[in-house]
Amino acid sequence: MAAAAWIPRRIAAPGAGMLTAVKCLVFAACLLPLADLLWAAWRDDLGANPIEAITRGLGTWTLNFLLITLSVTPLRKLSGLDWLVRLRRMLGLYAFFYASLHLLTYLWLDQFFDWAAIVKDIAKRPFVTAGFLAWLMLVPLAATSTQAMMRRLGGRRWQRLHRSVYAIGVVAVLHYWWLVKKDVTLPFTYALILGALLAWRAVRRQDRGGRANAALVRTPGVAMAKSGAE
């Protein structure tokens, strides 16, 4: 798909130098939420329950990065800016980075690495179970994010594995929803965004299936083969 007419050519097709600069800017921007939390902690400006503020802040940014990562492909398709896909791996790894910090905060500052209490908590409270499950599901995606692992697994198997990010998004939203309990405005907003991304993906798959069937019908040899098989 060609880039939209209103997008400057330099942005639609950036050179290698400009693309590297964009990646560096995005990399630095992804660290800003963490820097903001650390600055607030340094200033003792995290409120009455700083541990909860840090844990929730990191969890919220995990969800943000998950949804941003899932938005890359729709934005690329709608805008025609194919180079956006170059940012997807970095954004996905940042989602795992913030999820790991979120988990570490829970294990360290909340539970003080009391493994018996942690296991009991995971089994007892559904939102903790969902959060831990979401992190576990992110681990193989992070571990296979390199080009070498993509070649090792093969393109098709690698794609199947990384499509599980949509299921991870569902589990992460449930984790947030069950955590909040009363005022579910924010979890509901995240659920709507995730639902829109899932709906877009379903429509795209249906369109691709329809075009593939149409191509089969238009190809006489294939059509005759299908007819004979039936």
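Bear in mind these aren't lab numbers, they're just calculated from the coordinates by the rules spelled out. As the structure is a computational prediction, the values presented were derived from the model and not from experiment. Here the Cβ is made from the backbone with ideal geometry for all residues, glycine too, and neighbour counts use every protein chain on show.
Only one residue of ALA95, PRO74, TRP115 has its Cα farthest out toward the positive end of the dipole of the range 71-117, where Lys and Arg carry +1 and Asp and Glu -1 on Cβ, and that residue is PRO74. Taking 0.36 nm per residue of sequence separation and removing the Cα-Cα distance, the GLU52/LEU78 pair yields an extension gain of 5.5 nm. Placing +1 on the Cβ of every Lys and Arg and -1 on the Cβ of every Asp and Glu, with no other charges, gives the range 9-202 a dipole of roughly 1220 debye about its Cα centre.
Sorted fewest first by neighbouring Cβ atoms within 10 angstrom, VAL72, VAL173 come out as VAL72, VAL173. Shown for ARG163, ARG43: other C-beta atoms within 10 Å of each C-beta, ranked fewest to most, produce the order ARG43, ARG163. Sorting ARG125, ARG86 from the fewest to the most surrounding beta carbons within 10 angstrom yields ARG125, ARG86. Going 7 Å from the Cα of ARG205 in the Cα-to-Cβ direction, what parts of the range 53-93 have a backbone nitrogen less than 17 Å from that spot? Counting backbone N atoms under 17 Å from the label point, the list is 70-71, 73-74.
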